[in-house]
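What follows is calculated from the coordinates using simple rules that are stated; it is not laboratory data. As the structure is a prediction and not an experimental result, all values here were calculated from the model. Cβ sites come from the backbone with ideal geometry, for glycine too, and all protein chains shown count toward neighbours.
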Amino acid sequence: MAIVLELLSRKDQTLKYFKFNKPEILVGRDHHCDLRLEDPYISAEHVRITQDSQDHSIFFEDCQTINGTLVNKQSMASGKLHGNDILKLGRTRLKVVNTNQPVSAALPLSQLEESLNWLSSSAVAILLTLAYLVLSMVFGFTNSVEAYNVFDMLPKEMGQMALLSAWPIVFAVMGKVFNKESRVVSQFSILWLTLFIFYGLYLLGKLLSFNFNAPEALVWVELIVYSLVLFGFIWLSMFFAFHQTNKRRNIVGSMMTLVIVVPVVSIGMLGSSDFSAKPDYNSILLPPIYQLRPASDVTTFVENSRTLFMELDERIEREGLAEQSADD
Amino acid sequence: MRYMFFALALYSAMGFAQQTAQNLFSHYQSALYQIRIIELGSGNKSSIGSGFQINDSGVLVTNYHVVSEFVYFPEKYRIEYLAADGSVGDLSLVNIDVVNDLALVQVKSGSNSADFFSLSSSLPEQGSSIYSLGNPHDLGMIVVPGTFNGVKKNSFYQRIHFTGSINPGMSGGPVVNPEGLVVGVNVATAGNQIGFLVPLTKIHALIGTKNFTPLAPEDYKKVIASQLMVNQQRLFERLEQGVWKSNELGGAKIPTLEGALLSCWGDSNSADQEALYLSVENRCSLDEEIFLHGGLRTGGIEIEFEWLESGEFGAHRFYDFFSGSISGAGAGNQAGKNDVSNYQCKQDIVANTHDVKTKSILCLRAYKEFAHLYDVLYIGATLNHESQGLISHFTLAGVSQESAMRFTKQFVGAIAWQ
């Protein structure tokens with residue numbers, strides 16, 4: 001058996017492993033020590049750690065140092081150490097590793113990782129960034145009523161893109177911290193790809209709602225599809241940033257999707273049942289080439305409005321009854 | 001001797017005319033009343049108007065809009081009069097005519113004045129002097145001399161055009177000819193000496209039945225509903241019998257009503273040098289609406305067309321702009337949460353027999369207290385061209401299902417290309 005120690009950072013993250021195949025080691029600042037630590041508050045010979053050859057239990061002994069040794073924040077001169085005990089020498093912290101305990105099982109390598117390799121190519125990311133810039137400029141152009149000047153609009157579009165970049169940058173920083181690898185290129189690639197998908201879905205929604213008279217069900221289908229795409233995007237952002245099990249990623253991803261979608265939907269629904277002097281209708285018009293469906297004739301259109309009159313009458317009657325029973 | 005008699009008669013007639021303004025008031029003031037709507041909670045007046053007695057049993061004529069608060073909330077208000085001698089008493093509501101803004105009220109206690117106004121049998125000639133009586137801004141009863149200028153043109157809801165100041169508080173007061181006979185009732189002003197009166201015939205029609213038993217409060221809304229229903233039927237008959245002509249607007253032909261029922265205005269942005277598109281508008285509407293209460297008007301019609309075209313925009317940019325132009329349409333009449341439901345809409349792509357393809361959106365809201373009356377809003381945009389199109393739009397307030405459907409069918413069917 002061996003003595004295994006971990007050097008910890010202030011945030012309890014493992015910085016280094018040390019494994020000694022000896023029954024006794026000396027820790028200190030002196031050059032002949034088995035574990036030499038560069039900490040000015042550590043004495044030349046600071047602590048001696050021994051392992052019992054029979055039961056492999058580990059003991060320590062402070063070498064009468066100036067600053068002493070803390071075990072789990074308590075000053076001790078000597079004693080027995082258990083797995084996960086933390087020794088503090090000067091400002092340095094060492095964790096005793098229980099070598100009897102099995103480590104957690106390996107995470108299965110993801111096939112996805114391999115198939116998404118192309119996203120980490122800088123060329124792809126730059127191409128996607130430029131393509132997104134062009135797309136948003138084209139949208140800005142078709143939305144403009146006044147004379148359109150590309151150079152006036154460029155700063156605005158780029159500003160928006162800079163704002164959007166906050167997401168991949170945050171995930172890249174978290175990746176760097178927790179995973180020692182930022183993968184910032186992949187993060188940017190999936191951001192632009194997701195936005196392309198959103199734009200595509202928006203156009204498809206417009207086409208369907210224009211041609212099929214804006215049925216109410218379409219709004220819900222759109223909401224579900226948008227939420228799924230958003231979930232996929234968050235899932236991938238986490239996939240690149242952290243090593244975690246798929247289950248955990250699914251849970252965290254769903255939570256984050258809900259955190260984004262629920263407020264958006266509830267703000268949209270806010271006041272929808274309030275009284276308004278303006279009707280709520282879909283005003284999308286598309287050029288002749290997108291008109292996929294033959295037109296109805298005037299009589300059919302007008303006759304179909306009968307249901308609208310009936311629905312309103314029924315609703316007024318229902319409300320009248322509800323009011324009456326409230327009065328009683 | 002015969003000549004002498006004629007001269008005497010002429011003299012006395014002239015003398016009467018000169019003295020009219022001075023004498024009318026003192027002669028008739030005991031038949032004039034201030035009408036007050038008293039809010040029961042505070043015991044104070046919440047609005048005022050004028051009224052005049054028309055028979056010896058204490059029946060007064062006033063405007064519907066003077067007593068509208070009471071009609072809508074009979075449990076929260078009562079009607080009170082203040083007579084010339086300072087006496088005060090309660091009034092009960094006998095009958096209403098919301099379409100012509102008239103109401104009959106009756107003194108509840110028997111102590112009404114013996115004086116009353118008689119109605120003229122005919123309207124005076126244009127240019128004649130007439131005198132409006134009333135109590136403006138609670139300042140006391142006054143006489144306003146003015147000129148009779150005939151029945152207003154371009155109106156479905158008939159009004160006499162009176163050249164003279166009518167001020168708030170004078171509503172419901174009588175307008176008399178020099179003989180002291182009533183020819184109209186003060187109702188509205190357009191400022192600058194332009195006043196409007198409810199014409200004589202409408203008063204005759206309301207009191208014609210001589211049935212002065214007060215309405216039961218629970219019947220007020222039913223009476224309004226049936227009057228609105230009959231009125232919209234008359235209005236749409238007039239519209240359908242009118243001569244509709246096809247007028248050009250941009251590249252389209254739009255239906256416009258000949259004659260004086262609707263008043264129309266036009267506009268365009270052709271003076272705007274920087275605009276990348278051309279917009280030409282044609283808007284027609286009924287000048288008057290029916291007042292039901294402070295937050296509710298009905299009986300109005302608006303018809304609007306806008307031609308849009310652009311040589312600069314491609315199809316995509318034009319249709320994005322076109323979509324923006326048809327969004328946000330709203331009701332033509334004022335109505336609140338307690339009066340009407342929210343709008344519900346239906347839309348479709350519709351082609352008429354002139355090969356005009358439109359995205360047609362029809363929205364309705366129902367009146368909560370008047371069953372089977374609706375406000376209708378239609379907006380349509382043509383889909384035939386790459387970068388030009390016609391927006392057609394109308395709003396109808398307080399109409400029946402049949403009127404609305406017939407009108408919509410006629411309207412959508414009438415649009416054509418040049």
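Taking DSSP loops as anything outside H, G, I, E and B, show the longest stretch in chain A free of GluC sites (Glu not before Pro) there with at most 11 other beta carbons within 10 Å. Of all site-free stretches, the longest is A:147-328.
Can you tell me how much longer the chain between A:LEU154 and A:THR299 gets when fully stretched, taken as 0.36 nm per residue apart minus their C-alpha distance, in nm with one decimal?
Values: separation 145, 0.36 × 145 = 52.20 nm, distance 4.93 nm.
Contour length minus Cα-Cα distance gives 47.3 nm.
With a threshold of 30 Å on the Cα-Cα distance, the over-threshold entries among B:LYS245/B:LYS368; A:LYS88/A:LYS176; B:LYS202/B:LYS346; B:LYS76/B:LYS108; A:LYS156/A:LYS180; B:LYS153/B:LYS337 are B:LYS245/B:LYS368; B:LYS202/B:LYS346; A:LYS156/A:LYS180; B:LYS153/B:LYS337. Taken along the Cα-to-beta-carbon direction at a fixed 7 Å, the label points for A:TRP220 and B:ASP115 span 7.3 nm.
Tell me which trypsin sites (Lys or Arg not before Pro) from segment A:136-239 have a DSSP coil assignment and no more than 12 other beta carbons within 10 Å of their own. Numbers along the way, then the final one.
Working: sites: A:LYS156, A:LYS176, A:LYS180, A:ARG183, A:LYS206; in loops: A:LYS180, A:ARG183.
Of the trypsin sites (Lys or Arg not before Pro), the ones in loops of segment A:136-239 whose Cβ has at most 12 other Cβ atoms within 10 Å are A:LYS180.
Placing pseudo-labels 7 Å out from each Cα toward the beta carbon at A:ASP30 and A:SER9 gives an inter-label distance of 3.3 nm.
With a cut-off of at most 15 other beta carbons within 10 Å, and DSSP calling the residue loop, which chymotrypsin sites (Phe, Trp or Tyr not before Pro) in segment A:130-225 qualify? Please list them. Let's see the in-between values first.
Numbers: sites: A:TYR132, A:PHE139, A:PHE141, A:TYR148, A:PHE151, A:PHE171, A:PHE178, A:PHE188, A:TRP192, A:PHE196, A:PHE198, A:TYR199, A:TYR202, A:PHE210, A:PHE212, A:TRP220; in loops: A:TYR148, A:PHE212.
Within segment A:130-225, the qualifying chymotrypsin sites (Phe, Trp or Tyr not before Pro) (loop, at most 15 other Cβ atoms within 10 Å) are A:PHE212.
Its residues counted as N, chain A yields a C-alpha radius of gyration over 2.2 N^0.38 Å of 1.65.
What is the local net charge at A:MET256, summed over the other residues whose Cβ is closer than 14 Å to its Cβ (Lys, Arg +1; Asp, Glu -1)? Before the final figure, lay out each step's value.
Numbers: positive: A:ARG248, A:ARG249; negative: none.
Here the count lands on +2.
Scanning chain A for DSSP H helices at least 15 Å long along the axis (C-alpha atoms) with a Kyte-Doolittle mean no lower than 0.0 picks out A:122-143, A:150-164, A:166-179, A:184-211, A:216-241, A:246-269.
In segment A:114-270 the Cα-Cα distances spread across 10 Å bins starting at 0 as 10, 31, 35, 20, 4, 0 percent of all pairs. Simple spin-label estimate for B:ASN211 and A:ASP55 gives 11.2 nm between the two label positions (7 Å along the Cα-to-Cβ direction from each Cα).
Once R0 is set to 51 Å, what does the formula 1/(1 + (r/R0)^6) return for the Cβ-Cβ distance between A:MET174 and B:ASN192, expressed as a FRET efficiency to the nearest 0.05? Approximately 0.10, to the nearest 0.05. Residues within the reach of a label modelled at B:ASN338 (point 7 angstrom out along Cα to beta-carbon, backbone nitrogen below 13 Å), restricted to segment B:362-390, are B:368-369. Applying the Karplus relation 6.51 cos²θ - 1.76 cosθ + 1.60 with θ = phi - 60° to segment B:121-138 yields 3J(HN,Hα) values of 8, 8, 6, x, 7, 4, x, 5, 7, 9, 10, 9, 10, x, 10, x, 6, 6 Hz, where x marks Gly and Pro. Close amide-amide hydrogen proximity is noted between B:LEU102 and B:TYR64, B:ASP97, each under 5 Å apart and 5 or more residues distant or on a separate chain (H modeled in the peptide plane; Pro and chain starts excluded).
What FRET efficiency would be calculated for the residue pair B:GLN126, B:GLU281, taking the C-beta separation as r and a Förster radius of 30 Å, to the nearest 0.05? Efficiency, from the Cβ-Cβ distance: 0.30.
Local charge for A:GLY83 was computed over the other residues whose Cβ lies under 12 Å away, with Lys and Arg +1 and Asp and Glu -1, and equals 0. Note on B:VAL99, B:VAL243: ascending count of other Cβ atoms within 10 Å places them as B:VAL243, B:VAL99, the fewest first. Counting other Cβ atoms within 10 Å as a rough exposure proxy, the listed residues B:ASP272, B:ASP339, A:ASP55, B:ASP287 run A:ASP55, B:ASP272, B:ASP287, B:ASP339 from fewest neighbours to most. The B:GLU39 and A:ILE289 beta-carbon pair, evaluated with R₀ = 56 Å, returns a calculated FRET efficiency of approximately 0.35.
What's the exposure ranking of A:MET153, A:MET238, going from fewest to most Cβ atoms within 10 Å? Kindly include the intermediate steps, with their values, before the conclusion.
Numbers: A:MET153 15, A:MET238 19.
By the 10 Å Cβ count, ascending: A:MET153, A:MET238.
Residues of chain B were split at every exposed loop site, defined as GluC sites (Glu not before Pro) in a DSSP loop with at most 16 other C-beta atoms within 10 angstrom, and the longest piece left, sites excluded, is B:180-257.
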